[in-house]
Structures are given as C-alpha cells and as structure tokens.
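See below for the structure under consideration.
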Amino acid sequence: MVRAVSDAVESGTGSKVPCNSMSASLRQLKAEHLKKRGDAALKDGNLREACAKYDEAIDLQPSSSVMRALLSNRALAHTKARRFEKALEDAEAAVALAPSWDKGYWRKGVALEGLHRIADAVQAFLRVWTINGGDSESTARLQAVVRKLTREQLGSGVLVLIEAAVQEGAIPKATVECVPVDALHEAAFLVVKQAHHGVPSPGPYYARYLSWLTSGISPPAALIERSRIHAAGRCFLQAAADAEHSVRLLFKADIHGIELAQAYACQGAGYLAVQGHADRAPAPAAACFLKALDNDQGLLSVQASLEEAVKDLTKEEYDQVRAEVFNTGSRADGGLCHPEALGFVDGVSKAAGARLYRVDIQLAFPEASTKALTAGVRQALRAALASAAGLELRRVTLDRVSNPRPDSPYLGVRLEAAVGGNEEAAYQILRLVEGTPAAQEAALESVLSAVSSLGPVDHGASSADVVDITPRGVQPLDAGGPDLAGPLVPATPPKMELEVPYRMYRITRIDGSTVDRVDKHPFCMSRVYYDAAEKPEELWAELADGSCRWRQTGAEVKVCVLKVPHTLRPRQLSVTLEPYSIKVSNKDTGEVYLEGTLERGIVPEDSVWTHGGGSGEDGTMLYLQKMNLELLQKHWMHSEMWWPRLLRHHSEIAWDDYEKDYSDLPEQVLQHHRICEAQKDQERTLEALEKSKREMLQERDDLRRRQRQERLHYLRTGVRKSWVELNRANPG
C-alpha cells in the first residue's frame, strides 16, 4: 500500500524541510523530478535506487495522475527484483486510485503471475482486455496467462461461469440432483482431463475458456458443460435434464450441427450412466446417441457410447428405438413440435382455451433420388414452405424421407409444420397442397421453384393433414396450476458418490500455489531421480487443516510450519525434535503450532530448524534427517525410504503423487546402486553386441540362400532372374 507521509523530507542540501511547509505546486514539481530520476535508475537496472526515488516522491503526495504512475513504476521495479508481494501492493494501490487505468491492472496481473496466483492474474488481464477494447496486445497477454492455468483451475473457472449464468437467470438452477462442492470441482477437473487426453497441447478447454471469458458463454453451452460435469459427478438425472434443456434451446434458436450433436450426446450420457447404476436407461440413451450421430457423424466417442448402450438392448428393442428416432422427427426429442415449444409449460396453457395444431405434409417427387436431397436442398425446401405459410423457419422440420418403391415410384418427403394456434397458417398449407387442381399446381410449383433440382412434384401423391396436438388435461394459468417458479422438492444427492482424492491434502509448490496434477500410471508408478541435476520442480503436500506443508527426499524430510506468525521472533519459538516426535510451540503463550508422533524415526542431532519471519522457505522450516533403518536393512529396496505420512495422525499421501528424489540416499546405498547399474549397463552392452552379431550372421545366411536360388534357376532354365523376381513368381 502507499506508504505513510513522513513529517519531513530531505532537501537537496541534506537538511530536512517539513513537508507541510511546502506548497502543493512545489511538492508536485519535486515529485516529478524524483520520478524522472527513478525512471532513469529503473532503465539502467538500478532497482534499489529506483525504489528509493519512488519512495521519496510518493511521500510528497503528488497529484493522483503522478501518484498512480509512481506506484505503477515502483511495482515494475519490485517485479524486476522478484518482490512480487510488494509489487502487488503497489499495483492494487494504483488500481484504487485509477479504477479505469489499464496499466494498473497490467502491473497487478504480472505481480499475481509471479506469485503463481494464475486464476487471479487471468481476471486482472481480463480487465485490461476489457478496458482496451480487446486489442491485439491485451488479447495475446490474456491468452498466454490463460494457458498457464492448471486443468483443475480450468474446471473451477468453468464452474464460475456456469454459476454466473445461473445468477443472471440465463439458465435455471440444478434442481434434480445436487453434489457436494468438492465433488463438483473434482468432476469439473475430470471433464477437462478427459477432453485433453490424447490431443495436442494445450487442449481444447483453454481456447473455449478464453472465448467464454471474452464473449460470454451462451445458455445452451452452459447447460452442456453443466451436464458433462454432473455426469462426471455421478448426478446422471441432472445431467440428462440439463442436456434436454439445452436441446430445446438449440431447437428454438434453429441451431443444428455440432452444437445439437453435443447436447444429444450429453443427454445420452446422462441416461446411460454407468454399469449397475439405478438410473441407467439404455433405450433413451441409444435414441439420444443416434440423434447426435444424425447431426454430426464425426463424433467417434458417441459411436462407442452407442455400442455400449446397444449391448443392454435386444435386437427388437434397438429396432424399435431406431424406428422411433427416424420416423417421428422432432416430436420424439421434445423439440419444435413438442407442446412446450408451442405455448404450453408442464401441461399448462399460456392462453386459456388455446388449441395446438401440426400440419403433416407429404410431397412426392417422381424424378428425384435421395442423392439430390442434400443439406442445402433440405434447408431450401423448409424455407420455402415456411415462407409460404408465414411461419418461422424453425417451425418447419423434415420428418422422414422414403425411397422409391414399386408401389410408390417416387421420392417421398414428409415435413411437419408446427403452426401452434395459428389456424390461418394451417389453412395456407392445406390450400397450397390440396387446393383446387389448377391453382394448387401453379402455387405449389412456384413455392418449390427454389428446389428445382428435385424435379416436378406429383400433385396426386402429395397431401397435407392437420393434427391436433393439444395435451390432455390442459388448464389455464389462473386455474390453480402448480407453481413453476421453483422446484417442488429439494434436489437429492446422487445415488453413487464420486471419489474425491484430495480431501485431506493437496499438492502445491513451497509457496502454496497450485500445480497441475500428474497423469497417474495405471499401476501407480512414479519416476525416480538419482542425479540431483535432473530433479524436477519440488512439490509439497499441504494438509487440509493448514498446519504444515511437507516433502521428502531419500535422506531428509522438509516441513514448513504454516501456523507460526510471521511477526514471532526465533527466540520466542520452542522447537523440540525427538527421534520419534516433534513439537513446535510458543514459549510465551504455550500455543502449539505443530505436534505429533512421526511416521518413522529421525536423527535429532543432524536435524535443524530455521525461522526467517517470512513465508515459504523463509518461514518456519524443519529439516529432519531420516534414520532410514528400513532402507539400511534392505539396501536394494530404495522405496523403503518413503514415508506415507509425516505424523501418525495425518492421512497418507499417495505413492504416485510426485516423483521420488533418491539423490541424497546414504552413501553406502548409493555406492551399491552405482555398482549394480554398472553391471546392468555392461550386460545390456553385451546383449546388444550379441544381437548385432546374430543379425549380421542371419543377413549373411539369407544372402547365400538367395544367391543359391538364383544359380539353381539359371542352371535349370538358362535364364537369369533376381531373387525378387523368383519370389514374386513363386510366392509360396
């Protein structure tokens, strides 16, 4: 934050001039002069002098425009010196002075990025992007920082966007099933992880999240994402409900293709659930997967899901599902011809006494084939009929297509027009298709001129029928119907709970910042390092109770005690290190910060502790030397050095959560390991030489055999042929 103004400032001669005796204009001039000197020092790389000049200028309390520039430049100096905490303080002070200044948010984002608070940095750079109107520099910087998010942070970010859509009223709350917050975040991570598996880096969700941040997430997309997350969280009923709602929104907006296919795929995944689940419904799942593939044939995962659903169905059941999907068009999916799309909600009419109608249209084209009915022709045919009836395009759907047969030698195209209560539109269609012959033929030919590639229409085989689709038991809204504003019953927990692996601890850096989870091996294998130069970034296990953060190597356990106040002096700390227990407490108050029985023994004489009054490794650190009795008994089993937990009352850390550092194992153990590795290297070298020798002898033998066959063939026939020609002539 901005430092307090001092009672006096030093003049150029070294004497002090009281700050309150200087006029505002003089303070302004001197602050600008000090700023220039600080800028020059910053440009030359003299960070200490630059910060000192900025400090003096800030103490003079210049105008807000100069003050924000001073704070911004001092934040830059702190950032270059890697003092990110101080840089963040100055950046936040600059933002408070000028909330619409892009540079303040830029400095804030850089400081947060240095502190590994990537999710917060994304929000800061998003504000920069908004202020600058989405210019190229802001877009590139925002994209770069978004790509630094972990997959877990990506999932949490998607959840935030979905919740914002709920709060804005764009999508309804989840009212069918509910899932605990930690399981919801775990499910979101699993969705991102699955989407990024086996695809080129960085993965599709980075681009999607960036697009949603800058352009907003549409209600259908938000529902699709929530459906995926609920399916991963074992809330399959809620997943199916969200996907079905998304399907209806897409139909109303007349959006088809990949978006509609994804919504159907999510709905099918909700119905399919998992094997043995009480909500598993393979028939509706197969229907949804068929509709998804009908909208986009390239979804290979949907094809696999369809095959899984079909395994639980008999041939007769699957044939019935296919017949329902391909013979009822949009009515089967609750789309445009569904009463809800035409003015009815849960059986309640929006207008008392209203009736709903649908017109079934059958057109016959004797000279056309199914190849001529392309996507463009289908769209043009729908548009022509919709225009003639005065309907929206989404109200006219293609129901089915029948190939020419001996009894009906024409291409039959059946369409449905959801006219709702618009009786005039229904009359227009009837007059168009079934009016007086002369007027009918001329009018219909004029309407179908947009699809001339189908050829002439057979008027005698074409027809139109009006169907009343008003739901039974319809009642007006004022008749005491159910309250649709909220759920009638509270959401229920899922029938199958999702396992959340990091409830008792999480893997972090030494400063507590989040790291991306490792993709674990099916057999819980993790890499080991015997060379200190090859070691990756150090990862720590932070306990859920916030008491400590710890990691281990082959010979040492490092513990960062988190509850010790930074202001506490080292002489006020009482640290007791026993062979099988530790205790960290306050000498004056007796408050215990960390205490317990160690998982295994340590050597107290070789163990030390430090307290730097800061955070991370500058805070309270314990360096515990392992006894490694188990390892010394079985020196060939280096995994015996591993502690599954720090204290006996802690939860165990998974074996494969991070790599193993064996570089500091006891010298006698490392010496034996080096000898064994040298012997193995020698054996591998000998095996490679023997293999090379065998291959060379085999090659010589094959060459002699080929030459012998060529000579025998020449002696027998007098014709010279190569071995390749002989082999082609006699492949057996």
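Quick check on my filter: what residues within segment 552-587 are farther than 30 Å from His635 by Cβ, open to solvent by 40 Å² or more (accessible area, probe 1.4 Å) and among the hydroxyl-bearing types (Ser, Thr, Tyr)?
Start the filter on segment 552-587 by keeping residues that are farther than 30 Å from His635 by Cβ, which leaves 560-576, 583-587.
Next, only the ones that are open to solvent by 40 Å² or more (accessible area, probe 1.4 Å) stay: 562-563, 565-567, 569-572, 576, 583, 587.
Hits for segment 552-587 are Thr567, Thr576.
Per-residue answers, yes or no, for (1) assigned to a loop (DSSP other than H, G, I, E, B); (2) surrounded by 14 or more Cβ atoms within 10 Å (Cβ to Cβ); (3) in contact with a Leu (Cβ under 6 Å, 6 or more places away or on another chain):
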| position | (1), (2), (3) |
| --- | --- |
| Lys495 | yes, yes, no |
| Glu499 | yes, no, no |
| Arg506 | no, yes, no |
| Asp511 | yes, yes, no |
| Asp519 | yes, no, no |
| Ser526 | yes, yes, no |
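So which residues in segment 403-417 are more than 19 Å from Val467 (Cβ to Cβ) and either open to solvent by 20 Å² or more (accessible area, probe 1.4 Å) or touching an Asp or Glu at 6+ places or on another chain (Cβ under 8 Å) (or both)? So that I can check it myself, show each step before the final result.
Step one: filter segment 403-417 for residues more than 19 Å from Val467 (Cβ to Cβ), giving 403-411.
Result: Asn403, Pro404, Arg405, Pro406, Asp407, Pro409, Tyr410.
For Leu237, indicate whether it is part of a helix (DSSP H, G or I) and surrounded by 23 or more Cβ atoms within 10 Å (Cβ to Cβ).
Criteria not met by Leu237.
Rundown of residues vs (1) under 30 Å from Thr139 (Cα atoms); (2) modelled with pLDDT of 90 or more; (3) not polar (S, T, N, Q), yes/no style:
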{"position": "Ile229", "(1), (2), (3)": "yes, yes, yes"}
{"position": "Cys235", "(1), (2), (3)": "no, yes, yes"}
{"position": "Ala243", "(1), (2), (3)": "no, yes, yes"}
{"position": "Lys252", "(1), (2), (3)": "no, no, yes"}
{"position": "Val274", "(1), (2), (3)": "no, no, yes"}
{"position": "Ala292", "(1), (2), (3)": "no, no, yes"}
{"position": "Asn295", "(1), (2), (3)": "no, no, no"}
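So, in segment 390-399, of the ones that are open to solvent by 40 Å² or more (accessible area, probe 1.4 Å) and touching a helix residue (DSSP H, G or I) at 6+ places or on another chain (Cβ under 6 Å), which residue ends up modelled with the lowest pLDDT?
The residue in question is Leu398.
Among the residues in segment 25-40, are any under 30 Å from Ser100 (Cα atoms), of a type in the set (Gly, Ala, Ser), at pLDDT 90 or above and in a loop (DSSP other than H, G, I, E, B)?
No, segment 25-40 contains no residue that is under 30 Å from Ser100 (Cα atoms), of a type in the set (Gly, Ala, Ser), at pLDDT 90 or above and in a loop (DSSP other than H, G, I, E, B).
So that you can scan it fast, the table gives a plain yes or no per residue for (1) in a helix (DSSP H, G or I); (2) in contact with a strand residue (DSSP E or B) (Cβ under 9 Å, 6 or more places away or on another chain); (3) crowded, with 22+ Cβ neighbours inside 10 Å:
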| site | (1), (2), (3) |
| --- | --- |
| Ala221 | yes, no, yes |
| Ile229 | yes, no, yes |
| Arg248 | yes, no, no |
| Ile255 | no, no, no |
| Gln262 | yes, no, yes |
| Cys266 | yes, no, yes |
| Tyr271 | yes, no, yes |
| Gly276 | no, no, no |
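Please find, among Ala94, Ala77, the residue that is in contact with a Gly (Cβ under 6 Å, 6 or more places away or on another chain) and open to solvent by less than 20 Å² (accessible area, probe 1.4 Å).
Ala94
Of all the residues that make up segment 194-219, how many are assigned to a helix (DSSP H, G or I) and more than 21 Å from Glu163 (Cβ to Cβ)? Spell out how you get there, then give the answer.
From segment 194-219, those assigned to a helix (DSSP H, G or I) are 194-196, 204-215, 219; that's our starting set.
Retained after the next criterion (residues that are more than 21 Å from Glu163 (Cβ to Cβ)): 194, 196, 204, 207.
Result for segment 194-219: 4.
Any chance segment 378-398 includes a residue that's closer than 20 Å to Ser452 by Cα, more than 38 Å from the chain's Cα centre (by Cα), in a helix (DSSP H, G or I) and among the charged types (D, E, K, R)?
No: segment 378-398 contains no residue that is closer than 20 Å to Ser452 by Cα, more than 38 Å from the chain's Cα centre (by Cα), in a helix (DSSP H, G or I) and among the charged types (D, E, K, R).
The values are calculated or read from the model by the stated rules, or taken from the named source; none is laboratory data. A quick note: this is a predicted structure, and the numbers were derived from the prediction, not measured. All Cβ positions, even for glycine, are placed from backbone atoms using ideal geometry, and neighbour counts span all protein chains on display. Just the protein is used for accessible areas: all its heavy atoms, side chains included, with ligands, DNA and RNA removed. Shrake-Rupley method; radii C 1.70, N 1.55, O 1.52, S 1.80 Å.
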